[in-house]
Amino acid sequence: MNVPKHIAIIPDGNRRWANKKNVSLVEGYDKGIRKIGDVLKWCKEYDVRTLSMWGFSTDNARRNPEEIEKLFGLFKKYLNEIMEEDRKQGGKERGKYDVRVRFLGRRALFPKEIQEAMGKIEYLTKDKKTYELNLLLGYGGREEIVDAVNAIIKSGLKQVDEKAIGDRLYTVGVRDPDIIIRTSGEQRLSGLMPWQSVYSELFFVKKLWQDFGKKDFKAALREYDRRSRRFGK
């Protein structure tokens with residue numbers, strides 16, 4: 001099987017799942033965040049080396065302040081769990097999976113303690129080389145390009161080409177996604193990696209994110225294997 005090297009996922013449907021199951025929004029998001037661990041295991045099983053997960057968009061930042069506060073509380077909880085695990089295991093457990101973690105987006109949208117936790121986790125995993133997990137937090141595709149352009153202006157560069165922009169995107173050093181999976185039945189990218197996704201294969205799943213299972217993951221891999229990627233040639 002021709003396996004993608006980089007999978008990006010839009011884990012849509014968190015609020016709908018919570019309403020459907022008659023549970024709190026926090027419980028819905030909690031289950032959704034824990035699902036990332038399952039997907040990482042599947043990626044390891046099928047030797048998918050890079051996984052990118054969209055967790056919080058710049059549009060999400062305009063939601064109800066109470067909802068945002070609950071989300072930030074969950075982010076803080078799980079970031080602290082990762083660091084605590086590293087302290088207890090001396091880095092051995094995460095070293096077993098050899099996963100480098102990166103946070104891509106506008107970090108200024110988050111409280112200082114969350115920003116500091118992001119930086120700490122990136123530092124702790126910076127030398128991992130086998131697998132890569134990119135968490136898109138405070139991410140918006142248009143904002144990413146705007147930030148890249150402003151960085152070019154600030155640098156004083158006179159001649160702009162694709163490399164100049166690519167080198168200033170949040171994803172610098174990360175290969176473009178081979179396939180993008182979106183759950184919940186919506187068939188659009190909603191601004192996910194507009195620069196990087198020009199030749200990405202798209203796979204849409206009707207299930208809500210929390211119900212996305214290993215069979216769905218394997219179905220995406222099989223569909224990817226069936227497609228012929230010509231990159232415009």
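Mean separation of Cα pairs under 8 Å and 6 or more residues apart, divided by the residue count, gives the chain a relative contact order of 29 percent.
Listed by Cβ neighbour count within 10 Å, with the fewest neighbours leading, Tyr123, Tyr78, Tyr131, Tyr29 appear as Tyr123, Tyr78, Tyr131, Tyr29.
Given in Å, the Rg to one decimal and the Dmax to the nearest whole number for the Cα atoms of the chain are 17.8, 56.
Bridging of Lys154 to lysines at a Cα separation below 17 Å is possible for Lys163, once same-chain residues fewer than 8 apart are set aside. Contact order for region 13-146, expressed relative to its length and based on alpha carbon pairs under 8 Å spaced 6+ residues apart, stands at 31 percent. Taking a straight line from the alpha carbon of Lys214, these lysines sit under 17 Å away, with near neighbours fewer than eight places off in the same chain left out: Lys31, Lys35, Lys41, Lys44, Lys206.
Spacing of the modelled spin labels on Arg230 and Met83, each 7 Å from Cα toward Cβ, amounts to 5.1 nm. A cut-off under 12 angstrom between Cβ atoms defines the neighbours of Asp147, and their net charge, with Lys, Arg +1 and Asp, Glu -1, is +3. A straight line joining the Cα centroids of region 168-233 and region 16-84 runs 18 Å. Kindly identify region 148-233 as rounded, prolate or oblate by the Cα gyration tensor criterion: order the square roots of the eigenvalues as a ≥ b ≥ c, call it rounded if a/c is under 1.5, otherwise compare a/b with b/c, prolate if a/b is larger, else oblate. Judged from the Cα gyration tensor, region 148-233 comes out prolate (a/c at least 1.5, a/b above b/c). Neighbour counts of other Cβ atoms within 10 Å put Thr58, Thr130, Thr171 in the fewest-to-most order Thr130, Thr58, Thr171.
Extending 7 Å from Cα along the Cβ direction at Tyr199 and again at Ala164 yields two label points whose distance is 2.3 nm. Per-residue ellipticity at 222 nm computed for the chain from its helices equals -14500 deg cm²/dmol, with DSSP H segments shorter than 4 residues left out and the rest contributing -39,500 (n - 2.57).
Readers should treat all values here as calculations from the given coordinates under stated rules, not as data from a laboratory. Fair warning: this is a prediction, and the values are worked out from it, not measured in the lab. Methodologically, a virtual Cβ is constructed for each residue, glycine included, from the backbone with ideal geometry; neighbour enumeration extends over all protein chains shown.
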